[in-house]
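Student: This structure is in structure tokens; I'll ask about it shortly.
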Amino acid sequence: MSSVSPSALPRPTGRPREERADRAILAAALELMAEQGVRDLRMDDVASRAGVGKATIYRRYRSKEELVSATVAQLVSEITLPDTGSTRDDLLALMRKAVTVYSGSLEAGVMPGLVDAMSRDPELARTVREGFLAGRRAGLTSVLERGVARGDLSADMDFELALDVLGGPLFYRLLVTGGPIDDGLARGVAELILRGFAPTT
């Protein structure tokens, strides 16, 4: 009976397993952040919930701060940057997707703990801001720049202020007032940007 050398056997590709682990880690971190907050998040708990070894997590993320940043980035990545050809439609699509994401109980549950942890932990705040927030704001700026190019928004608009206006009302309701995060909010913010930063005549 002939034997086959182990080295001659086809090796299973590692990528699918890696992708499953990636998804499991981020999903576990998101659930735990929503359940117990960011400050109490422990890598051991993430590993247990994800069904992976703690070393598997540390091969991807050098610290808890990096894991938190990646988890929030994954959450925000669900809000795609539209390019419909219309500034109004772009803004409305952007805000409607944000409303959909942040009206979910799991996603909404993450933000209060994240904001609290960032206020107490400068390293976490730096990692979150530099890890994904800067890139996210750069992407949103491209949407506004297209509006300027179309003549729908003022060429000398304050982009930083406009970016704050895009997110401010949603997070104020989410974190402070508990007001409705709905289509009315999406339409109101879109119109606020179009009117508040309209070209001067």
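The values are calculated or read from the model by the stated rules, or taken from the named source; none is laboratory data. Quantities reported herein were computed from a predicted structural model and do not represent experimental measurements. In this analysis, Cβ positions are derived from the backbone assuming ideal geometry, glycine residues included, and neighbour counts consider all displayed protein chains. Remember, those area values only see protein heavy atoms, side chains included, never the ligands or the DNA or RNA. Shrake-Rupley method; radii C 1.70, N 1.55, O 1.52, S 1.80 Å.
Student: Quick check on my filter: what residues within the stretch 60-81 are under 14 Å from A24 (Cβ atoms), not aliphatic (A, V, I, L, M) and not in a loop (DSSP other than H, G, I, E, B)?
Tutor: R60, T71, Q74 - these are the residues of the stretch 60-81 that are under 14 Å from A24 (Cβ atoms), not aliphatic (A, V, I, L, M) and not in a loop (DSSP other than H, G, I, E, B).
Student: Still on this structure, please answer the following. Confirm whether R49 is open to solvent by 70 Å² or more (accessible area, probe 1.4 Å), under 18 Å from E19 (Cα atoms) and in a helix (DSSP H, G or I). I'd like the intermediate steps shown before the answer.
Tutor: Working: open to solvent by 70 Å² or more (accessible area, probe 1.4 Å): yes; under 18 Å from E19 (Cα atoms): yes; in a helix (DSSP H, G or I): yes.
Spelling it out, R49 is indeed open to solvent by 70 Å² or more (accessible area, probe 1.4 Å), under 18 Å from E19 (Cα atoms) and in a helix (DSSP H, G or I).
Student: Being open to solvent by 30 Å² or more (accessible area, probe 1.4 Å) and either touching a residue at least 24 places away in the same chain (Cβ under 8 Å) or assigned to a loop (DSSP other than H, G, I, E, B) (or both) is the filter here; which residues of the stretch 37-46 pass it?
Tutor: R39, D40, R42 - these are the residues of the stretch 37-46 that are open to solvent by 30 Å² or more (accessible area, probe 1.4 Å) and either touching a residue at least 24 places away in the same chain (Cβ under 8 Å) or assigned to a loop (DSSP other than H, G, I, E, B) (or both).
Student: Go through the stretch 131-157 residue by residue and tally those that are of a type in the set (D, E, K, R) and free of Cβ contacts under 8 Å to residues at least 24 places away in the same chain.
Tutor: 2
Student: I need a count of the residues in the stretch 153-181 that are open to solvent by less than 60 Å² (accessible area, probe 1.4 Å) and not in a helix (DSSP H, G or I).
Tutor: Here the count works out to 5.
Student: I want to confirm something. Restricting to the stretch 66-97 and keeping residues that are of a type in the set (D, E) and within 25 Å of L114 (Cβ to Cβ), which single residue is most open to solvent (accessible area, probe 1.4 Å)?
Tutor: Residue satisfying both the conditions and the ranking: E78.
Student: Take L153 and tell me if it is more than 29 Å from L30 (Cβ to Cβ), of a type in the set (A, V, I, L, M, F, W, C) and in contact with a Phe, Trp or Tyr (Cβ under 9 Å, 6 or more places away or on another chain).
Tutor: Considered against the rule, which asks whether it is more than 29 Å from L30 (Cβ to Cβ), of a type in the set (A, V, I, L, M, F, W, C) and in contact with a Phe, Trp or Tyr (Cβ under 9 Å, 6 or more places away or on another chain), L153 comes out as yes.
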